[in-house]
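See below for the structure under consideration.
The values are calculated or read from the model by the stated rules, or taken from the named source; none is laboratory data. Remember, predicted model here, so these are calculated numbers, not experimental data. A quick note on method: Cβ atoms are made from the backbone with ideal geometry, for glycine too, and the neighbour counts reach across all protein chains shown. Ligands, DNA and RNA are excluded from the accessible area calculation, which covers all protein heavy atoms including side chains. Shrake-Rupley method; radii C 1.70, N 1.55, O 1.52, S 1.80 Å.
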Amino acid sequence: MSVTDKKTRKKARAQLNLQVNLGGMQLKNPVTVASGTFGYGFEYEPFVDIAGLGAVIVKGTTLEPRMGNPSPRIIETPAGMLNAIGLENPGVDVFIGEYLPALRSRGVTVIANIAGNTMEEYARLAARLDGQPGIAGLELNISCPNVKQGGLQFGTDPVMVKEMVAAVKSQTSLPVMPKLSPNVTDITAIARAAYEGGADCLALINTLMGMAIDVDKRRPVLANTFGGLSGPAIKPVALRMVYQVAQEVPLPIMGLGGIMNTRDALEFLMAGATAISIGTANFVDPMITTQIIAGLQEYMEECHIADINDIIGAALPQ
Amino acid sequence: MSSVEKALVIRHREVVPDYYELEFIAPEIALEVLPGQFVNIRISDSLDPLLRRPFSVYDVDKKLGSITVFYKVVGKGTKLLSQMPIQKPLDVMGPLGRSFSIPTEADQVFLVGGGVGIAPLVYLSRVLSSEGIKTKVLMGASTAGFLAGKSMFEKFGVPFLVSTDDGSEGLKGRVTQLLAEQLLIDKCDYIFACGPESMLETVTELAMEQNIKGEISLEGHMACGVGACLGCAHLVKTGEGQRYAKICSEGPVFKIGEVLFHSQDER
Ligand SMILES: Cc1cc2nc3c(=O)[nH]c(=O)nc-3n(C[C@H](O)[C@H](O)[C@H](O)COP(=O)(O)OP(=O)(O)OC[C@H]3O[C@@H](n4cnc5c(N)ncnc54)[C@H](O)[C@@H]3O)c2cc1C
Ligand SMILES: Cc1cc2nc3c(=O)[nH]c(=O)nc-3n(C[C@H](O)[C@H](O)[C@H](O)COP(=O)(O)O)c2cc1C
Ligand code: FES
């Protein structure tokens, strides 16, 4: 490439618009990192300019500290992995007191991910995080057992989902993004319930429940028996759910599940996702997010697309 | 700071059946790496195996900018790795984890390795020797043919004793029996150990009984290798009780007495 070529290319890149608006969250670009796969961001600083990401969705936070599950907590499976971390985290006070200020000073766009065992816990977490400077929005992990309903997952019952989203909304001025569980028969019913509860946008999908058995020991591999499947193995399921929900519910979508490269990211955008999240792929290639941001720009140049928003939903039926 | 390098493989050989030495050029990692740290290798570009595999740094040539790992074939990933030809680039991330400390006040230290657990002790033994600390290696294997790593200690002139489960070489029995014997007859100010958990548990008991300080290196299933996924948790003691520590970033090296083992576990 000649020097002038490089110059025009740089100029062209500067004119590309990668900014997206995800239900009131302004993201520099559509590439974010998924909760639980990127810690608090600092862990990946040797590899990634974390302030250059669309957003860092931090590890799930609960009201009180959680110790997490016994080991083994993870096991690789074909083209994926199972995890049962058990939401180990230091609690919301440590998040606000220690991690958030450090992220803020680095100029990182932060989305907090909250989890609880009762509706009240979610509402209290939302109230506690409301007004904390440096948070762009709240992601609700609704794949948690509701202890008051015999451990039934919040995310599998439309009535509970609607109630929970409304309860959280009433406690915060931040954009609220429920993260849907794929372990349901009809994802659109859950998405609609979240919409009716007042959600600003939706994230889908969380992990698919699975397990592995150690044949030599004749028992489940994970100490928790069951775990959440993530990685490329779940991509077709995730993509299908984004595509379905995008047609049924008028909310912007954060698409995730098995995204490994630029083409995977484009598939999700074309299926109707306004932004995407990278999870398991960070473990495989710690620089993958930066590469996907550059890859999207290259694609836009090649196809003469000036605004990334122009390809969102491009594969949906007209 | 850790980095990812496309490392050219310059040497790869089967030392004893199923045990391989693999040397590659990774100047940035080689420059920084300390004994006890590890690298995370992406074995294939395909989606299966998906995750990187962690390996201790066995030796480093700072001038050449090369790193050697020593591994045993145990499953899909290591089987594939063993077929890696030389002159091919390997995707290596590192250095990762906390290193062994150098006990400068110690006169003599013991290095205890079981099986492939000998791997991180070779580089450590070289650094200890260069610091003028007398070092004795105790290594164990199931049978004489699997006493890999021996040649490295011979090469570097580090004294070593061996044990084999079948008695084909050295003491017949476990390496922890060898340690117990040696603690009776020789001076030891500090212990370093790496190997299966049951071995590390016994080493911990022996060291604590005799009030000898030391460090052990743990293994565990890993995904990220940098402390982000919380997948590699191991129980450790705290002032008030216990908590899960991340083997990849708080370890793999822990102080003797700090780690809680499965038999002490709540399970
Ligand atoms: C910090 C650290 C340093 C290590 N250093 C060395 C070394 O120097 N030399 C060496 O030979 N091995 C080392 N290991 C172990 C090595 O990482 C595993 O043997 C390897 O990942 C197995 O991959 P596989 O695909 O062949 O096996 P798999 O088919 O995945 O599994 C085969 C067996 O290995 C176990 N295993 C799988 N993944 C891991 C893992 N990430 N960690 C531990 N056990 C695992 C499984 O439970 C199973 O019993 C180290 C592990 C850690 C955590
Ligand atoms: C190790 C690990 C930990 C996770 N922790 C959380 C979490 O705390 N909260 C949450 O909402 N999702 C969590 N997830 C789910 C991911 O955010 C993501 O939804 C899922 O992994 C699918 O994306 P992927 O295939 O790109 O990894 C976790 C996933 C993994 C692999
Ligand atoms: S391997 Fe991810 S935290 Fe240790």
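Out of the residues in region B:215-267 that are open to solvent by 30 Å² or more (accessible area, probe 1.4 Å) and within 20 Å of A:K59 (Cα to Cα), state the one that is nearest to ligand 3 (Cβ to nearest atom).
The residue in question is B:K246.
Inside region A:269-306, can you point out the residues that are away from ligand 1 (no atom under 16 Å from the Cβ), free of Cβ contacts under 8 Å to residues at least 60 places away in the same chain and part of a helix (DSSP H, G or I)?
A:M270, A:A281, A:I288, A:Q291, A:A294, A:G295, A:E298, A:Y299, A:E302
Select from region A:63-75 the residues that are free of Cβ contacts under 8 Å to residues at least 60 places away in the same chain and away from ligand 3 (no atom under 12 Å from the Cβ) and write down the one among them that is most open to solvent (accessible area, probe 1.4 Å).
Only one residue fits best here, namely A:E64.
Based on this model, can you work out whether A:T172 counts as outside any helix (DSSP H, G or I) and either touching a helix residue (DSSP H, G or I) at 6+ places or on another chain (Cβ under 6 Å) or aromatic (F, W, Y) (or both)?
yes
Is it true that some residue in region A:181-197 is in a loop (DSSP other than H, G, I, E, B) and within 14 Å of chain B (Cβ to nearest Cβ)?
Checked region A:181-197: no residue is in a loop (DSSP other than H, G, I, E, B) and within 14 Å of chain B (Cβ to nearest Cβ).
Select from region A:161-171 the residues that are more than 20 Å from the chain's Cα centre (by Cα) and open to solvent by less than 20 Å² (accessible area, probe 1.4 Å) and list them in ascending order.
none
How many residues are over 20 Å from A:P178 (Cα atoms) and assigned to a loop (DSSP other than H, G, I, E, B) when one looks only at region A:25-47?
Number satisfying all stated conditions: 6.
Within region A:61-122, which strands (runs of 3 or more DSSP E) (wholly inside it) include 2 or more residues that are more than 16 Å from ligand 1 (Cβ to nearest atom) and of a type in the set (V, I, T)?
By residue number, A:110-114.
For region B:188-223, give me each residue that is touching a residue at least 12 places away in the same chain (Cβ under 8 Å) and within 14 Å of another protein chain (Cβ to nearest Cβ).
B:E197, B:L218, B:E219, B:G220, B:M222, B:A223
Which residue is nearest to A:E76 (Cα to Cα), if the candidates are limited to region A:263-283 and must be more than 10 Å from ligand 2 (Cβ to nearest atom) and among the aliphatic types (A, V, I, L, M)?
Ranking the candidates gives A:A265 first.
Yes or no: region B:251-265 includes at least one residue that is facing another protein chain (nearest Cβ under 10 Å) and modelled with pLDDT of 95 or more.
no
Tell me yes or no: at least one residue of region B:181-193 is within 16 Å of ligand 1 (Cβ to nearest atom) and either on the phi < 0 side of the Ramachandran plot or among the acidic types (D, E) (or both).
yes
When you go through (1) away from ligand 2 (no atom under 13 Å from the Cβ); (2) of a type in the set (A, V, I, L, M); (3) within 28 Å of A:Y44 (Cα to Cα); (4) assigned to a loop (DSSP other than H, G, I, E, B) one by one for A:L251, which number turns out not to apply?
The number of the failed condition is (3).
Just to be sure before I move on: is B:K76 in contact (Cβ under 8 Å) with a residue 24 or more places away in the chain, open to solvent by 30 Å² or more (accessible area, probe 1.4 Å) and over 21 Å from B:E28 (Cβ atoms) in the structure I sent?
For B:K76, the condition - in contact (Cβ under 8 Å) with a residue 24 or more places away in the chain, open to solvent by 30 Å² or more (accessible area, probe 1.4 Å) and over 21 Å from B:E28 (Cβ atoms) - is met.
Of all residues in region A:83-100, how many are more than 10 Å from chain B (Cβ to nearest Cβ) and open to solvent by less than 40 Å² (accessible area, probe 1.4 Å)?
5
Output the residues belonging to region A:47-70 that are touching a Phe, Trp or Tyr at 6+ places or on another chain (Cβ under 7 Å) and at the interface with another protein chain (Cβ under 10 Å from one of its Cβ atoms).
A:K59, A:M67, A:G68 - these are the residues of region A:47-70 that are touching a Phe, Trp or Tyr at 6+ places or on another chain (Cβ under 7 Å) and at the interface with another protein chain (Cβ under 10 Å from one of its Cβ atoms).
For region A:232-248, state whether one or more residues are in contact (Cβ under 8 Å) with a residue 40 or more places away in the chain, in a loop (DSSP other than H, G, I, E, B) and not aliphatic (A, V, I, L, M).
No, because not a single residue in region A:232-248 is in contact (Cβ under 8 Å) with a residue 40 or more places away in the chain, in a loop (DSSP other than H, G, I, E, B) and not aliphatic (A, V, I, L, M).
With the requirement that a residue be over 20 Å from the mean Cα position of the chain (by Cα) and open to solvent by less than 40 Å² (accessible area, probe 1.4 Å), what does region A:101-116 give you?
A:A102
Can you work out which of the residues in region A:194-213 that are of a type outside the set (D, E) and touching a residue at least 60 places away in the same chain (Cβ under 8 Å) is most open to solvent (accessible area, probe 1.4 Å)?
Looking at the filtered set, the residue picked out is A:M211.
Please work out which residue is least open to solvent (accessible area, probe 1.4 Å), limiting yourself to region A:214-231 and to residues that are farther than 23 Å from B:L235 by Cα and outside any loop (DSSP other than H, G, I, E, B).
Ranking the candidates gives A:S230 first.
Any chance region B:28-47 includes a residue that's within 16 Å of ligand 2 (Cβ to nearest atom), outside the structural domain of B:V122 (by TED's automatic domain parsing) and surrounded by 22 or more Cβ atoms within 10 Å (Cβ to Cβ)?
Yes, region B:28-47 contains at least one residue that is within 16 Å of ligand 2 (Cβ to nearest atom), outside the structural domain of B:V122 (by TED's automatic domain parsing) and surrounded by 22 or more Cβ atoms within 10 Å (Cβ to Cβ).
Might you check whether a residue that is surrounded by fewer than 22 Cβ atoms within 10 Å (Cβ to Cβ), more than 25 Å from A:A112 (Cα to Cα) and more than 13 Å from the chain's Cα centre (by Cα) occurs anywhere in region A:269-286?
yes
Among the residues of region B:224-246, is any more than 14 Å from chain A (Cβ to nearest Cβ) and in a loop (DSSP other than H, G, I, E, B)?
Yes, there is a match, as at least one residue in region B:224-246 is more than 14 Å from chain A (Cβ to nearest Cβ) and in a loop (DSSP other than H, G, I, E, B).
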